[in-house]
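First up is the structure itself, then whatever we jot down about it.
Please treat every number below as a calculation from the coordinates, not as lab data. If you're wondering where the values come from, they're calculated on a predicted model, not measured in any experiment. Don't worry about glycine lacking a Cβ; one is built from the backbone with ideal geometry, like all the others, and counts go over all protein chains shown.
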Amino acid sequence: MKKIVFVLAAFLGLSACEKDFLELAPESQPNVNDFYKNAGDILNGVNAAYASLQTGSLYGGRDFQDLTEYRADNVFDNDPSANSGLRYNVDRFLAGSENTIFESVWRRLYLTVYRCNIVLDRIDGVEMDAALRNRYKGELQFIRALAYFHLVQLWGPVPLVLKDQTTEASRSNVRNTVAEVYAALESDLKAAATNLPKSYAAADLGRVTSGAAKGLLGKVYLTQKKYPDAVTTLREVVTSGDFTLMATPALVFDPKNEYNKEILFAVRFSLANASESHGLYYSSQIGDFVEPSLRNLYGATDQRKALLDLRKPTGTQNQTAVKFFEEPTNNVVGTDFPVLRYADVLLMYAEALNEVGYQATGDALTNLNAVRTRAGAPAYASAELPNQAAFRDAVLLERRLELPLELHRWYDLVRTGRAKDALKAIGLTIQDFQLLFPIPNSQVQIYNNPTGFPQNQGY
Amino acid sequence: MKLSAHAFRRGGASICLFLALFLFPGISSYAQQTIRGTVTDEATQTPMIGVSVLVKGASVGAVTDLDGNFDLMLPKDATTLVFSFVGYETVEETVAGRTIINVVLRENVSQLDEVVVIGYGQQQKKDLTTAVATLSAKEIRDVPVNSFDQILTGKMAGVLVQQPSGSPGAGVSVRVRGVGSITAGNDPLYVIDGVPVSADNNRGVGSNNPGSSYAEQPVNVLSTLNPADIESIQVLKDASAAAIYGSRGSNGVVLITTKKGKAGKAVVSYNTYVGMQETLKRYDMLNAYEWSQINFEGRNNAYRDRFPAGKDSDDNTVRAKNVANQPGILIPPQVQPYLSGTAGLTNTDWQDEIFRQAPIQDHVVSVSGGTENFRYYASGEYMDQQGVVISSGFKRYNGRFNMDLQSGKLKVGLNINPTLTQHDLVNSEGPWFDEGVIGLALSISPIWPVYNADGTYNYDANAWGFAMTDFLNPVALANQVEDNMDQLRLLGNAYAEYSILKNLSYRLSFGTDINNFNRQFYRPSTLETRGRKGASAPIGTSRTRFSSNWLVENLLNYNTVVGKHNLSAVAGFSSQKENFFSNYIEGTNYPNDLVQTINAAGQITSASSFKEAWSLLSALGRVQYSYNDKYYFSAAVRADGSSRFGANNKWGYFPSASAGWRISGEPFMQSLEFLSNLKLRASYGVTGNFQIPNYGSVGLLSFDDYILGGTALSSGLAPSTSSNPDLSWEKTKSIDVGIDLGLFEDALYIELDYYKENTTDLLLNVPVPMTSGFNTELRNIGEVENKGFEATMTVQKRTKAFGWSFTANFSANQNKVISLAEGVPQILTAGGTGVTLWITKPGEEIGSYYSPDYDGVFNNQAEIDAYPHVANAKPGDFRFLDLNGDGKIDFASDRQIQGSYFPDFTYGATLNMDYKGFDFSASMQGSDGAEILHLMSRYIYNIEGNMNLVRPSLNRWISESQPGNGQTNRANRLATGSNGQTSNWHMDDGSYMRIRNITLGYTFPRLLVQRAKISNLRAYVSVLNPFLFTDYIGYNPEVNSRPDNALNPGEDYGSYPLARTYTFGLNLSF
């Protein structure tokens, strides 16, 4: 038939070239067949990996907060009827695997991994400056590790995908062990720490530095209770002199002082471009969302208390915490989201040192007090923290006071084994299986592999 | 060769055509004898104008004049004259030496001689072996609507026409024999005068408002046609009929033929109607006093949920002390006066404020006429329809010129149809939070006035506080947002046909469809932003879209009659291509509201442009054979190659065959005199659906930028779709068997059809593991079946003065998913909210509602304790069924299918009567068994006392001793018990019966009007949608928030009501 068409066409002098006529390439969007061919393409691929962190599912919106702050004991969902309780149910441990918040975060974390994988797969085949290639690799290794770090903490054993896969191949993925995931992300972060520069030119401010990679690696060690490794790595960050504490806690979050010397890594936003902005974090028009127990913990002189005060943008009923406040334009703001900051590093360092061996005085206490005194809170005398357990309590308390709303609380509670007690204190009784989240129902169904890809126990 | 191809694309074809037009001189016949005569109408005994008088076997003829007279020169060897007129029985008269021949023509009651357009040809109805539905110009007149597809409603068996939105110019959903495709679109192919037009224009210029994720209803691309220009509409229903359109035929094909001139004196006509429209149905909402009571009650219950000792009489100070930081338990001071019953307070009926009586008018002037060799039809139309929602409207300026010229063996023709339509748009379908004015008018509290005392708009419902949801003033939104879309369309085609041999002709045709859309949107600073007091930052957008579509077809036609054998064949080659280009610019920071065009924007916040194209190359052939008007066979095949198909699947082949047996033609049936016609038909065919994305087979990258440095944008690109080189069209295999039965000279005529259609290789966004970096992938997979039964019955009777006819049709279609992809046991899709689900799975209908099952309310704590319940359920909250019996309520697993948007059956009937000069027609139609998800109930039936509520809210549970109707939850501002979970409580029966149209007309006696040089004058009054019988709670039981998404149909999240229209019309011709 095709030949007949051809003959007819030729006879009538119409279309000589079927190929030309029937093969139309997209004109307004690049396609994968032509991409990842030069250094410019690679740069675009790297930037897109950063951009993946900006979405509402991760650092740009509420879903991530639902899993790591609302779920814990710092904030609570005050609007149970909204969206038929979609978010409320996550907060109150009522949500099952069908709850779309879980899928939203899972999907975006793996999408982030994919964006890193596809560039890392192709970068060695592209002709470009070797130093630049190493830097790009380092940036992607960091972002991939960050995504896996979240995945493994939220869901435990997850599939470890480190190559660009066809959709068909991805159907045979299975859940790797937690140890395998940690091994991979440690290896990524070590490589990143080597590959990455200490700093960038002003135009590239916001890219991952070697300091950020080390800071995150320290956190990974700490989470795995590899305390000596954590001490070594975090000490490198502390002694590098690349980072300092801001004079006051408010300065860290001042929208006019973004990506300051206290920030190791933040996800960047801007009000200048509508597509690079986000809605006010933790915005609510119902009422307060900060647990009273948290507010009551602050001492009278502690400047961090004011960061949790509620503030309304002009003319609205919405309110959010001062920590993330910026006057919105068209209901959006451009504040960065800090992923890792120096105060966090100092507290991790203090915690790791104490776990390696309690010392009445020394670096651990010095660094803990550095964070406290910066906030206007009185320094601990060493007699107040007479043993390892007391110090451990103090440093965890300090993390709660210093880092609320910054997506650390749930992880801190789980890794220190204190989640059940902390939630009991706010009236929620939970079971051990609830320390991991349910795998999104849709994914369990797609794999349909109860041995290789089971649902988390209890769900 | 390449050069010529390029030249061709630049319009070489039309040059070719016009050259051809002048190359062949006319051939005149040599005449010898003059014959004269008069033709009269048997029924009215009046002369007939425009009757064609042909000399049999020659190309000589004439047409009767105003007085019914004709004269012509008879060629030497001529023996017979043939008199024909549309709708009348053809008469042959032997000349036999006469010079005056007077003829009486009789109106044709039999439908069998009706000519049916079947795509690349035409056929007499009696010869049909496939399922084709037809509608003629007479049947579509007098209906005051802006597009012809609305007229099809309820008129054809197997053609389901729904109007999901009453917005003027909004799209109409036409489904031929159910829904075969899950994602690739279910609109039929529209072919206007032989040119298949693309459905891609239905989207207009993108339909979202800035920042909105809720789609508006699509525009109706067919509203550019003037219904008065249409001669006939045919719908090719089965695959055998539609297979000649190959990869575009599987949703059925609608063939539209416009009017041609008739030989004779020029007839000038003026057709007009003027009318008034009003909403057909409204919600019954609470008034301000009733609402305030529920507001109070909802807050008291929320208060006592937190502080059980609380009393209704506690004032806000006491409440705030007992429950800190919870504004949802306080009583807004503005509500207090209503509670104490103060008379004469503001009590706004917001529906009255946004709806109006809206005028509609239409004026068509046409002129047609010509000679036997040159015929023309030209018309101009102006239509102005205001919408029943304030600030909405539709205008159309339409022109048409059709002409045919015959010169010996050459025939050429031209149809040109330029149209300008202007849509004055209002965001009517969106939810209240998306500035949908109807959703807002229903939700906003009636205690607020529309205007302040100083005449400015009142915005007190915005940023009210007290945990009251923020609402903008819908009247302010409708009046102040400027949103206008213009569409300029040039639809045209030209052909040249040459008789190579007596039986063989060649036809070259060229068609084009050029569309230009322009949409300007401006939201002024005087409007507030939701949730924020005071002036807003204005937002403006400017959008354009240009598309050009061209088609070239070459056809060879062969017809021969040898004895009792009748053979016709067609073969051809066609190529078609469409290009689009669109722009979108969005800006803000306007210095003031004076200049609203985008140039005044101080900051461009978004700008994009998009370019796409598709092409289609086809070969087609068809052979039709009949023997002795008893046995019929037909076979056709089409091959389509398209740019949309993946590299591994560039070409598709679509064969079909059909056969018919006219049993009544057999000798052994002749004794049954009452039986005028009995025919059995059967057909089989394969068609396709090529409504797949233009570049669906190629993995694409999308921009995703990042901020580095200060505020500078660093561009990023990442894959957004995966590649699938195997991507191809969807295939539909269909069988159809039918019976045509005519009794008593076809005074009773019945058509019955049974069909079964199986669509395979469904285009699905198949979920893939998210670890691949994608969540879905476009693949051809799965199977859907539609099977059904259709019946049409016509009874007609005509005496000299009185005539009547009654037509009724009935269709039942059953839709079933046969299979989906491996590893995809079901597809769950969410609609207006994340917890509102539809399921598509084998054994069930596409897009069935899938939700928890509510079963009344818990009347007391004991009932709660005795049955599984959600954690915070309290007396007065919903009792959900533990469907899987696991002892707990889990909204992931405690769900079941709760019906679907598909009706079980639909029906329609039309009655026509005429007596002397009077004519009367009435039509009705109905649908039974469809379910509608009235998602608006989430808001206006949630009994939170927050938004305004529908009247049945008064049946709510108040206390154990006052349980209401036992089905309605308690008032509670901070709802417990997951009452808001979308369940069958939000569903409503969408069955309805509607009187569609009633028309009474009067044709003035010819003798009377002839004195005023008027040849025909008719006046009529008509009511469209006079009555609607339904239990549906909302405006429109045909509502569908996403008419082009098969996976989650039937949602009502605020919709534009349909109108009842009263009109007065005139048909005048000179």
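Between residue A:430 and residue A:163, what's the calculated FRET efficiency when r is the beta-carbon distance and R0 is 30 Å? Round to 0.05. Efficiency computed from Cβ-Cβ geometry: 0.20. Note on chain A: Cα convex hull, mean projected area over all directions, 27.5 nm². Each of B:83, B:100, B:64 was placed along the dipole of the range B:31-105 (beta-carbon charges, centred on the mean Cα), and the one lying farthest toward the positive end is B:100.
Dipole check for the range B:31-105: with +1 at the C-beta of Lys and Arg, -1 at the C-beta of Asp and Glu, and the Cα centre as origin, the magnitude is about 280 Debye. Taking 18 Å as the straight-line reach from the Cα of residue A:214, the lysines in range (excluding those fewer than 8 positions away in the same chain) are A:137, A:190, A:198, A:225, A:226, A:261. With the simple model of a label 7 Å out from the Cα in the direction of the Cβ, residue B:452 to residue B:1010 spans 7.1 nm. For peptide B:610-621, the mean count of partner chain Cβ atoms within 10 Å of a residue's Cβ comes to 4. The string of couplings for the range A:115-127 from the Karplus curve (6.51, -1.76, 1.60, θ = phi - 60°) is 4, 6, 4, 5, 6, 4, 5, 9, 5, 6, x, 9, 6 Hz, one whole number per residue in order, with x for Gly and Pro. In terms of surrounding Cβ atoms within a 10 Å radius of their Cβ, B:187, A:302, A:393 rank from fewest to most as A:393, A:302, B:187. Under 13 Å from a label point 7 Å along Cα→Cβ of residue B:107: give me every residue in the range B:896-918 with its amide N that close. Counting backbone N atoms under 13 Å from the label point, the list is B:912-918.
Would you please classify the overall shape of the range B:956-1028 from the alpha carbon gyration tensor, given that a ≥ b ≥ c denote the square roots of the eigenvalues, rounded means a/c under 1.5, and beyond that prolate means a/b larger than b/c while oblate covers the rest?
Prolate, since a/c reaches 1.5 and a/b exceeds b/c.
With R₀ set to 45 Å, the beta-carbon distance separating residue B:124 from residue B:1021 gives a calculated FRET efficiency near 0.80. Modelled spin-label separation between residue B:80 and residue B:1029, with each label point placed 7 Å from Cα along the Cα-to-Cβ direction: 5.2 nm.
Shielding by partners for peptide A:252-260, expressed as the average number of C-beta atoms from other protein chains within 10 Å of each residue's C-beta, is 1. For the residue pairs B:237/B:800; B:411/B:650; B:411/B:731; B:409/B:650; A:256/A:305; B:502/B:733, the alpha carbons lie more than 28 Å apart in B:237/B:800; B:411/B:650; B:411/B:731; B:409/B:650; B:502/B:733. For helix B:288-306, what angle does its Cα long axis make with the longest principal axis of chain B, in degrees from 0 to 90 and rounded to 10? Roughly 50 degrees between the two axes. Our coupling estimate for the range B:320-326, obtained by passing each phi through the Karplus curve with A = 6.51, B = -1.76, C = 1.60 and θ = phi - 60°, is 5, 6, 6, 10, 6, 6, 9 Hz, Gly and Pro reported as x. Nearest 10 degrees is fine. How inclined is helix B:13-23 to the longest principal axis of chain B, computing both from alpha carbons? Taking the Cα atoms of chain B, the angle to B:13-23 is about 20 degrees.
Calculated from the alpha-carbon coordinates, the protein assembly as shown shows an Rg and a Dmax of 36.9, 137 Å respectively. Per-residue Cβ neighbour counts within 10 Å put B:269, B:247, B:366 in the sequence B:269, B:366, B:247, beginning with the fewest.
Just the Cα atoms of chain B, one point each, no solvent: what log10 I(q)/I(0) does Debye give at q = 0.06 Å⁻¹? Here log10 of I(q) over I(0) equals -0.53.
Along the charge dipole of the range A:66-158, Cβ charges K/R +1 and D/E -1, which of A:96, A:152, A:140 sits furthest on the positive end? The Cα lying farthest towards the positive end belongs to A:140. Looking at B:892, A:371, B:557, which one has the Cα that reaches farthest to the positive end of the dipole of the protein assembly as shown (charges on Cβ: Lys, Arg +1; Asp, Glu -1)? Positive-end residue among those listed: B:557. Placing unit charges on the Cβ atoms only, positive for Lys and Arg and negative for Asp and Glu, gives chain B a dipole magnitude near 2840 debye about its Cα centre. Placing a label point 7 Å from the Cα of residue B:581 along the Cα-to-Cβ direction, the residues of the range B:517-531 with a backbone N closer than 20 Å are B:517-520. If you wrap the Cα atoms of the range B:555-675 in a convex hull and average its projected area over all directions, you get 16.5 nm². What you get for the protein assembly as shown, charging only the Cβ of Lys and Arg (+1) and of Asp and Glu (-1), is a dipole of about 2440 debye around the Cα centre. Residues B:383, B:987, arranged from fewest to most other Cβ atoms within 10 angstrom of their Cβ, appear as B:987, B:383. Divided by 2.2 N^0.38 Å, where N counts the residues, the Cα radius of gyration of the range B:640-740 comes to 2.15. Placing pseudo-labels 7 Å out from each Cα toward the beta carbon at residue B:629 and residue B:776 gives an inter-label distance of 5.4 nm.
Geometric descriptor of the range B:31-105, per residue, is 77 Å³ (volume of the convex hull of the Cα atoms).
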